[in-house]
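> The structure's right below; bear with me while I get my questions together.
The values are calculated or read from the model by the stated rules, or taken from the named source; none is laboratory data. These numbers come from a predicted model, not from an experiment. Only protein heavy atoms, including side chains, enter the accessible area calculation; ligands, DNA and RNA are left aside. Shrake-Rupley method; radii C 1.70, N 1.55, O 1.52, S 1.80 Å.
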Amino acid sequence: MTSIGDYAFTSTGLTSFEIPATVTSIGYVAFGYCNNLTSITIPATVTSISASVFNGCDNLANIYVPAKNVASYKSAWSDFGYKDKISVVFDGTSLETLSFPDNVTVNGVKYDRTFTVGKPSTVMLPFSKSVSDISGGTFFTFGGVQKEYDTWVATMNQVTGTIEANTPYLFVPTGHSLTFTGGATLNTTGGVGKETAEAGSHWTFKGTYDYKEWIADGANADEIGRAYGFAGVAKDGINVGDFVKVKSGAKIRPMSAYLLWNDTPNLAPARRMNRGAAADDELPQSITVRQFNANGEVTSIGTLDTTTGEVSFDGWYDMSGRRLDGKPTTKGLYINNGKKIIIK
């Protein structure tokens, strides 16, 4: 099907509808007077659509359109009563640069990206949102990577208030999708190259709204061997949740983030300038991860294998993050398979 003709679904009992991606045109009053219709999704393939397509749809609340088309739909429909119903769909597999240089208000948000339960991924969004209006997983701020004796340790701190626009986060999914309640104001200003880092650390967590590729002798060649990325989509032999050291040919999609080692530490007092320093050939093959909840308590400890890319919370750890060979015999508090265990 490449077109939906005039009056095609007029006065029918549709409640929601997702137009197939093969459709390029939608005719006059095609969905008119569908009193039960509350949401509809229009793909990017649609290049011709009647201004009267939703006449009489009094309960229509959300017209979902691709991110790149939001501004044009709001402008084109400013005089037809649909402007305030425009909602956005972000394609998690898209390679197109995401750009909202000016504020654009939408009535709803969809994020079309599939996650694997328990596998950490990265997310950067062009809008702020209370975590109470988000379901599907837990967000963590990046607390830095530090070398503690012979162990490299990364910290993740749970977010309980608001996810801020244009800020990279680690995301641990509890389901396969990330959903949002209510609308948002979109703006990517300040999001290009946005990074978070602990002062004095050599590591930064960088977000991107561009499709990024590392190629020898290319624009990002200087980051090869120093950048580490989580994979949110299985592709080219990389598994969902992989945390891998970047090699030539590696890629990262928009609305994602990656870790980067810097030879020069971030601004900090002199006494901390050399903490965790290492040459490129000494960068870690594995990193211990500590997850902290809102109360500052360690809730899980795992290992990121930067050679295989596997993120594992299996095994026994003491509360300092040291991995144990097996079940401990000494009394105390430990972490086993991502849960706190008391050995008496």
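> Apply the Kirkwood formula to region 1-121: the hydrodynamic radius equals the inverse of the mean of 1/r over all pairs of different alpha-carbon atoms; give it in Å with one decimal.
Working: mean 1/r = 0.0662 Å⁻¹.
Over region 1-121, the inverse of the mean reciprocal pair distance is 15.1 Å.
> Beyond a 25 Å Cα-Cα separation, which of these cross-linked pairs lie in this structure: K119/K344; K119/K340; K85/K212; K129/K340? List each step's numbers first, then the result.
Values: K119/K344 31 Å; K119/K340 19 Å; K85/K212 33 Å; K129/K340 30 Å.
Too far apart for the 25 Å limit: K119/K344; K85/K212; K129/K340.
> Taking only the alpha carbons of region 39-183, what extent do you get along each of the three principal axes, in Å, biggest first?
That works out to 67, 27, 25 Å along the principal axes.
> Would you check the accessible area of F9, probe 1.4 Å, heavy atoms only, in square angstrom rounded to 10?
60 Å²
> Probe of 1.4 angstrom, ligands and nucleic acids ignored: what's the accessible area per residue over region 23-143, in square angstrom? Numbers along the way, then the final one.
Working: 4860 Å² over 121 residues.
On a per-residue basis, region 23-143 sits at 40 Å².
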